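The values are calculated or read from the model by the stated rules, or taken from the named source; none is laboratory data. The model shown is predicted, which means the values in this text are computed figures rather than measured ones. Don't worry about glycine lacking a Cβ; one is built from the backbone with ideal geometry, like all the others, and counts go over all protein chains shown.
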Amino acid sequence: MNERSAAVERNTLETRIKIHLQLDGTGNGSRQTGVGFFDHMLDQIARHGQFDIDIEAIGDRHIDDHHTVEDVGIVLGQAFAKALGDRRGITRYGHALCPLDEALSRVVVDLSGRPGLYFRAKFPAERIGQFDTELVREFWQGFVNHAGVTLHVDALAGDNAHHMVESLFKAAGRALRMAVASDAALNGAMPSTKGTL
């Protein structure tokens, strides 16, 4: 496959976001959103997905972190869609189970072109430091809507919210890594009986 990368910028009255994504990377890059725990989770996607991701986000954090987190999901989804192009030759499906101590998460993805989030995770704490755990779903909703992917997220076990969220992001990175990989058996064909995704 040719180099699969994208640069996307989005400016609104609530946020200013720039993202550069390289699908065939090594997990490098810089994540700077002003939301420390969220940056740590974005690092998990990059490292476990082997994606090079640079993210700069400035948001209306004097209100709260909602717009920043959601809009980063939107722009990262746009970057994935752009970097994937017409999606010829990709594996399309990916899945991962990732533990972190007592926590266990499962993520399954289909790069189908159809957005859908099926999120089954209840966290035992409303906040991890200053991070609102409700924003985990908001991030992934923004991502799937703009990446055009179907994503199933299941928190299967866990007592510690930090462990649960982190295992979820690690699993998502690994599932996406599998799905975007080239499938040599397809020989560049579309991974769909429809002939398009």
For the range 176-185, name all the residues that are more than 10 Å from the chain's Cα centre (by Cα), at pLDDT 95 or above and in a helix (DSSP H, G or I).
ARG177, MET178, ALA179, VAL180
Restricting attention to the range 147-157, report how many residues are of a type outside the set (Val, Ile, Thr) and surrounded by fewer than 21 Cβ atoms within 10 Å (Cβ to Cβ).
5
Mind counting the residues in the range 108-152 that are hydroxyl-bearing (Ser, Thr, Tyr) and more than 23 Å from LYS82 (Cβ to Cβ)?
2
Residue in the range 65-84 that is assigned to a loop (DSSP other than H, G, I, E, B), basic (Lys, Arg), under 16 Å from the mean Cα position of the chain (by Cα) and within 30 Å of LYS194 (Cβ to Cβ) present
no
Within the range 115-170, residues farther than 21 Å from GLY34 by Cβ, charged (D, E, K, R) and assigned to a loop (DSSP other than H, G, I, E, B) come out as LYS122, ASP159
Pull up the range 109-144, narrow it to residues that are touching a strand residue (DSSP E or B) at 6+ places or on another chain (Cβ under 6 Å), more than 14 Å from THR68 (Cα to Cα) and not charged (D, E, K, R), then point me to the one that is surrounded by the most Cβ atoms within 10 Å (Cβ to Cβ).
VAL109
Under 7 Å between Cβ atoms, which residue pairs at least 6 apart in sequence (or on different chains) link something in the range 83-106 that is more than 16 Å from PHE51 (Cβ to Cβ) with a partner that is small (Gly, Ala, Ser) and assigned to a loop (DSSP other than H, G, I, E, B)?
ARG88/GLY188; ARG88/ALA189; GLY89/GLY188; GLY89/ALA189; GLU102/GLY158; ALA103/GLY158; LEU104/GLY158
Just one listed residue, out of ALA147, ALA172, is in contact with a Phe, Trp or Tyr (Cβ under 6 Å, 6 or more places away or on another chain), under 23 Å from ILE90 (Cα atoms) and not hydroxyl-bearing (Ser, Thr, Tyr), and it is ALA147
So, in the range 40-79, exactly how many residues are touching a strand residue (DSSP E or B) at 6+ places or on another chain (Cβ under 8 Å) and under 13 Å from THR12 (Cα atoms)?
10
